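Presented below is the structure to which this report refers.
The values are calculated or read from the model by the stated rules, or taken from the named source; none is laboratory data. Everything numeric in this text was worked out from a predicted model, so none of it was measured. In this analysis, Cβ positions are derived from the backbone assuming ideal geometry, glycine residues included, and neighbour counts consider all displayed protein chains. All accessible areas refer to the heavy atoms of the entire protein, side chains included, with ligands and DNA or RNA removed. Shrake-Rupley method; radii C 1.70, N 1.55, O 1.52, S 1.80 Å.
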Amino acid sequence: MSVKSIIRLLLPLLLVGSWPQFASAYDVYIQVTGVLYGNTCTLSTDSENINVHLGNISLRQFLAVGAVSQIKTPFTIRLEECGPTFKGAQVTFSGEVDDHDSRYLKTDEGGATGVAISLLDSSNTIITLNTATDAYSLTGENSVDMLFYARMVATQLPVTPGDVTARATYTVEYL
């Protein structure tokens with residue numbers, strides 16, 4: 001055997017012997033747990049379909065455009081079972097807008113004319129249709145009663161007597 005042959009045989013052995021030794025591997029598991037809370041609430045059954053009765057209102061209250069009824073009727077939207085991460089909610093009312101003032105709900109055909117329905121927040125500020133209200137509630141509350149009002153407003157003259165009916169849909173946005 002020649003020197004070259006011996007070097008060729010030893011070289012692979014030397015190279016294999018010089019490789020670093022690999023550490024033993026272990027199977028390690030990490031278990032991560034937690035709870036995910038929604039920041040939503042449940043709508044109270046009393047708030048699913050709300051009927052607001054404005055009562056009998058005299059035509060004499062509507063002698064000018066912008067005149068409002070002296071009676072404003074309160075109604076409440078109640079949210080229940082709010083989670084611990086609940087920070088508040090905003091409400092947006094939508095519906096068919098009055099032909100003369102888009103802030104207000106149009107009344108149904110075949111009844112009184114010249115009036116629309118104005119919705120107000122708890123501080124008596126007009127809620128423009130399709131615009132979110134200020135936030136109701138504070139962080140961590142379990143239930144929230146959101147107070148609103150409805151009243152009639154003259155949007156054109158003359159105002160004629162008759163039944164007044166309008167419909168709105170509301171959407172609750174959680175913060």
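Some observations on this one:
- 3J(HN,Hα) couplings calculated from phi for the range 78-86 with the Karplus curve 6.51 cos²θ - 1.76 cosθ + 1.60 (θ = phi - 60°) are, in sequence order, 10, 10, 10, 6, 6, x, x, 9, 4 Hz; Gly and Pro show x.
- Whole-Hz Karplus values for the range 90-103 come out as 10, 10, 10, 9, 9, x, 6, 7, 4, 5, 10, 8, 6, 6 Hz, taken residue by residue from phi with 6.51 cos²θ - 1.76 cosθ + 1.60 and θ = phi - 60°; glycine and proline positions read x.
- Potential extension, residue 92-residue 160 segment - 0.36 nm per residue separation minus Cα distance: 21.5 nm
- Amide H contacts under 5 Å for residue 165: 108, restricted to partners 5 or more places along the chain or on a different chain, H placed in the peptide plane at 1.01 Å from N.
- Net charge of Cβ neighbours under 13 Å - reference residue 42; Lys, Arg +1; Asp, Glu -1: -3
- Taking a point 7 Å from the Cα of residue 113 along the Cα-to-Cβ direction, the residues of the range 50-74 with backbone N closer than 18 Å to it are 59-60, 62-66.
- Spin-label pair residue 173/residue 132, simplified geometry with 7 Å Cα→Cβ offset, distance in nm: 0.3 nm
- The range 77-106 residues near the modelled residue 45 label - backbone nitrogen below 16 Å, point 7 Å along Cα→Cβ: 78-81
- Assigned charges on the beta-carbon of Lys, Arg, Asp, Glu; the range 54-104 dipole about Cα centre (debye): 260 debye
- Spacing of the modelled spin labels on residue 142 and residue 121, each 7 Å from Cα toward Cβ, amounts to 2.7 nm.
- Nonlocal amide H pairs with residue 113, under 5 Å, H built at 1.01 Å: 160
- When 72, 106 are compared by accessible area at a 1.4 angstrom probe, the order from most to least is 72, 106.
- Dipole moment magnitude, nearest 20 debye, the range 80-175 about Cα centre, only Lys, Arg, Asp, Glu C-beta charged: 180 debye
- Amide H contacts of residue 97: 106, each under 5 Å away and 5 or more positions distant or on a separate chain (H built 1.01 Å from N in the peptide plane; Pro and chain starts excluded).
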